[in-house]
Amino acid sequence: MVIHLPASTDESLSGERLTPKEIVRELDKYIVGQHAAKRAVAIALRNRWRRQQVPPDLREEIAPKNIIMIGPTGVGKTEIARRLAKLTRSPFLKIEASKFTEVGYVGRDVESIVRDLTEIGVKLVRDEKARLNHDAAVRNARERILDILLPDSRRPATRPAFVGASGAPAEESPADTREKLGRWLDEGKLEDREIEIDVKEQNFPSFEIFTAQGVEEMGVNVKDMLPGLFGGRSKRKKMRLGDAREIIIQEEADKLVDQQNVAREAIERVEQSGIVFLDEIDKIAGRQQASHGPDVSREGVQRDLLPIVEGTTVNTKYGMVKTDHILFIAAGAFHVAKPSDLIPEMQGRFPIRVELESLTEDDFVRILREPKNALTMQYTALLSTEGVELRFNDDAIREVARYAALVNEKTENIGARRLHTILERVLDELSFDASDRAGEQLSIDAAYVQRVLADIIKNEDLSRYVL
């Protein structure tokens, strides 16, 4: 099955052609299980496209159906949201709710969520424009490099070249020399030649100013008012032509992009298809009986977040951004607190509740085998760079999954992240010696896994520290 990704900005905003079943099938390539959560995000995404099809007067009244994912760490909550954003080329921001505090306390301003998401949207659109203009930027960079190598080669000759007795010019014209250098440049013969170029300085001074608008917005205004102080100056540097080419191509690509159009498209994309993943929302859910202490601050954070989730307008350096149709996906383990411990207004803004299941040993086996980015494939690819051919036997995969489930049961349950710690321990010796074992074929079997992990698993105190 092939997902028809949108080619234009308008289609990417609407999620056109991405049906819920297609979205779920695409998510299945990377995430094992959790079908209910995949269905929920697929429906929420498709509803965005449906909203674009209704009459304009009703379109603005249809609010996104925000989602709360409930489940322990390491079961795929973040990955589902991240893959969803990548599918639709949507601006995506993952932020932890516990980083914010209510007004008057030390912490981040909640409006920084929208400012950060807008920055991501601008970079997304700018990169897309740069890819479209890449060929033109490469051509312009080539001409600019030739101008550096031969500053006067484009000027018309003011006098004819000296003609010798044979009737041939005694010297090459600047145009001929430029053409020859151009051929050498295309053939890669000038990569090590040193040239001088003007490079913009990027080392911004680091300081913070606390204002009512927050640290982030004040920093933006100062940079706009004093461009010469913040990266506006250029410094002449001498470097290899091969290294300078990428800098020049980037500068030429920036010249071909209309920055005002980029900002306008980015704001539209953020407003219509932006996704905010609000992690650890259970950390700001106070229990109902608590009426003083830290729980008061938790409720204050919720009330500060509420306008962003409900829909408000935030001032950014690129313009005003409305949050009415940004999709918010909240997540938390909810071991102590419950979704009902959120303030009623916040509960009402997250109408969809999805519970993700804890991962079993069989799930771990599938995670190690099935996804396109499976850990076993990652380690095999890493060691292949050293000339080592690594292979995981089926019994080894089953044994790793068994140990991961066992350690999760005995200690803290961190879900699929436990597979990382187990595999790192299993492959520690091979990874260290791989550079000396080029050309070898290595098979990991159950006996090898047991030999490496048996002593650690038996000692529960040691396994808490090591695994």
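Computed from the coordinates by the stated procedures, all read-outs in this text should not be read as laboratory data. Here the structure is a predicted model, which is why all the values come from computation and not from measurement. All Cβ positions, even for glycine, are placed from backbone atoms using ideal geometry, and neighbour counts span all protein chains on display.
Mind checking the full-extension length gain between T312 and R240? Use 0.36 nm per residue of separation minus the Cα-Cα distance, one decimal, nm.
Once the chain is fully extended between T312 and R240, it gains 20.9 nm.
For K238, which aspartates and glutamates qualify as cross-link partners when the Cα separation must be under 15 Å and same-chain residues fewer than eight apart are set aside?
Result set, ordered by chain and number: E191, D192, E194, E196, D198, E201, E246.
Starting from the Cα of N393, step 7 Å toward the Cβ, then list every residue of the stretch 430-452 with an amide N under 20 Å from that point.
430-431, 440-452
What lysines does K99 reach when the alpha-carbon gap must be under 16 Å and sequence neighbours fewer than 8 apart in one chain are set aside?
K283
Quick check for you: which residues of the stretch 62-94 have the amide N under 17 Å from the point 7 Å beyond the Cα of S340 toward its beta carbon?
70
Could you tell me which of rounded, prolate or oblate describes the stretch 304-414, using a ≥ b ≥ c as the square roots of the eigenvalues of the alpha-carbon gyration tensor, with rounded for a/c under 1.5 and, failing that, prolate when a/b is larger than b/c and oblate otherwise?
It comes out oblate by the Cα gyration axes.
How would the stretch 366-416 be classified by its alpha-carbon gyration tensor: rounded, prolate or oblate, with rounded meaning a/c under 1.5 and the a/b versus b/c comparison settling the rest?
prolate
I'd like the FRET efficiency for K200 and E355, computed as 1/(1 + (r/R0)^6) with the beta carbon distance as r and R0 of 35 Å, rounded to 0.05. Show your work: numbers first, answer last.
On the way: r = 50 Å, r/R0 = 1.44.
The formula returns an efficiency of 0.10 here.
Kindly flag which residue pairs out of K38/K123; K86/K317; K65/K86; K21/K317 have an alpha-carbon separation exceeding 31 Å in this structure. Could the numbers behind the result be given before it?
On the way: K38/K123 27 Å; K86/K317 25 Å; K65/K86 20 Å; K21/K317 38 Å.
Cα-Cα > 31 Å for K21/K317; rest within.
Return the distance in nm (one decimal) between the two label points of a simple spin-label model at Q347 and A447, each offset 7 Å from Cα along Cα→Cβ.
Inter-label distance under the simple model: 5.9 nm.
Could you work out the equivalent-ellipsoid semi-axes for the stretch 14-146, taking the square root of 5 times each eigenvalue of the Cα gyration tensor, largest first, in whole Å? Don't skip to the end; give the middle numbers.
Working: eigenvalues 189, 110, 72 Å².
Ellipsoid semi-axes (Å, largest first): 31, 23, 19.
If you count, for each residue, the other Cβ atoms within 10 Å and average over each peptide, how do 300-311, 125-136, 70-81 line up from highest to lowest?
The packing order, highest mean first, is 70-81, 300-311, 125-136.
Taking each pair of distinct Cα atoms in the stretch 412-458 once, what is the resulting Kirkwood hydrodynamic radius in Å?
Radius from the Kirkwood sum: 12.2 Å.
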